[in-house]
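The values are calculated or read from the model by the stated rules, or taken from the named source; none is laboratory data. Quantities reported herein were computed from a predicted structural model and do not represent experimental measurements. Positions of Cβ are backbone-derived with ideal geometry, glycine not excepted, and every protein chain shown enters the neighbour counts. The area values use the complete protein model at the heavy-atom level, side chains included, leaving out ligands, DNA and RNA. Shrake-Rupley method; radii C 1.70, N 1.55, O 1.52, S 1.80 Å.
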Amino acid sequence: MKTLTLETAGADLVYDVRGPLPTSDGRPPLLIIGQPMSASGFAALAARFPERTVVTYDPRGLGRSVRKDGRTDHAPRTQADDVHAVIAALGAGPVEMFASSGGAVTALSVVEKYPSDVTTLVAHEPPLITLTPDGPAAVRARARVREAYEKRGWGAGMAAFVAMTSWVGEFTDAYFAQPAADPAAFGMPTEDDGSRDDPLLSDRSWAVSGYRPDADAITAAPTRVVIAVGEESENLLTARTSAAAAELLGQKVVVFPSHHGGFCGGEFGQPGKPDEFGLRLRQVLDGAA
């Protein structure tokens, strides 16, 4: 594996290349991206493609990529420019792409802005909350997470986030009538360390969850776009956002094994099924979906 740094005006982007360039099998490189997950979260998945050249990267301001633009927000169109720059730096033509969570939102923006960059995109559980039928309620639920974080710190914010993302179905009055989630009940710290810069719990990633893809641009692009959802996510928020994104693009979701982080091993808690997930991804990239 080679680790490289691409210096741009707004950020120094660090990316990892596993395998040769040009590729040895004649297929495009497989670029794997996330948000706010950095390259470290995709080691297990990359290992399931030993015969492929696999590229992972850290989005600007996350992991090893240092931003220089003076901003703290995570805007999909800005990150799409970064991904485009990384693809150009590879010098290997268009890529195949697996993108998860906020990375899937970035990837949809890449297809909009740079349609010749990606041959196939598998967008796994993009958290596009405003596309859901209960979008205003989902936005309200998102604001409650930030409020808990701002008032009581990381543990309280993460407990509120878990409560939001594990709620089954639309956000009803019953959801908002619940007492504040107790971080201790989730094994999270109750003390406040004073930090307020978490990209998941602050408003820094609201541009991601509030993004509205340009369906006309995406469907007009030559890219084959697949919206994927984990089988264990049924009726949870990210499954509902995935279904809404697929409907926007005139398609149905493709089911993958496990949950929102189903490609992970046990390195981040709540292990997924990386073997089964990698096999399913291989099938979809090969056109079996």
Seminar exercise, completed: Residue by residue through region 69-83, the couplings from Karplus 6.51 cos²θ - 1.76 cosθ + 1.60 with θ = phi - 60°, in Hz, x for Gly and Pro, are 8, x, 10, 10, 7, 10, 8, x, 5, 5, 5, 4, 4, 5, 4
Exercise. What relative contact order, as a whole-number percentage, does region 133-238 give when Cα pairs under 8 Å and 6 or more residues apart are counted?
Worked result: 33
Exercise. Per residue, what accessible area does region 20-137 have, given a 1.4 Å probe and all protein chains present, in Å²?
Worked result: 31
Seminar exercise, completed: So, relative contact order of the chain in percent, Cα under 8 Å, 6 or more apart, is 18
Seminar exercise, completed: Taking 174-181, 64-71 and ranking on average Cβ neighbours within 10 Å, highest first, one gets 64-71, 174-181
Problem set entry | Simple spin-label estimate for A47 and D275 in nanometres, 7 Å along Cα-Cβ | 1.3
Problem set entry | Backbone HN-Hα couplings from phi across region 189-195 [Karplus 6.51/-1.76/1.60, Hz, Gly and Pro as x] | x, 9, 7, 9, 8, x, 6
For this session: Return, for the Cα atoms of the chain, the radius of gyration and Dmax in Å, separated by a comma.
Result: 18.3, 57
Exercise. Tell me, what ³J(HN,Hα) does each residue in region 146-152 have, in order and in whole Hz, if you take phi through Karplus 6.51 cos²θ - 1.76 cosθ + 1.60 with θ = phi - 60° and put x for Gly and Pro?
Worked result: 4, 4, 4, 5, 5, 7, 10
Problem set entry | Cut-off 13 Å between beta-carbons: net charge of the residues surrounding L201, Lys and Arg +1, Asp and Glu -1 | 0
Exercise. All other residues with a Cβ under 13 Å from the Cβ of F176 taken together, and with Lys, Arg as +1 and Asp, Glu as -1, what is their net charge?
Worked result: -1
Seminar exercise, completed: Most packed first (mean Cβ within 10 Å per residue), the peptides 19-26, 95-102, 40-47 order as 95-102, 40-47, 19-26
For this session: Take the Cβ-Cβ distance between D12 and F176 as r, set R0 to 41 Å, and report the resulting FRET efficiency rounded to the nearest 0.05.
Result: 0.45
Exercise. In region 9-81, if every C-alpha pair distance is counted and binned at 10 Å from zero, what percent goes to each bin?
Worked result: 20, 46, 27, 8, 0
Seminar exercise, completed: Of the accessible area of region 1-71, computed with a 1.4 Å probe and all protein chains kept, carbon and sulfur make up a percent value of 55
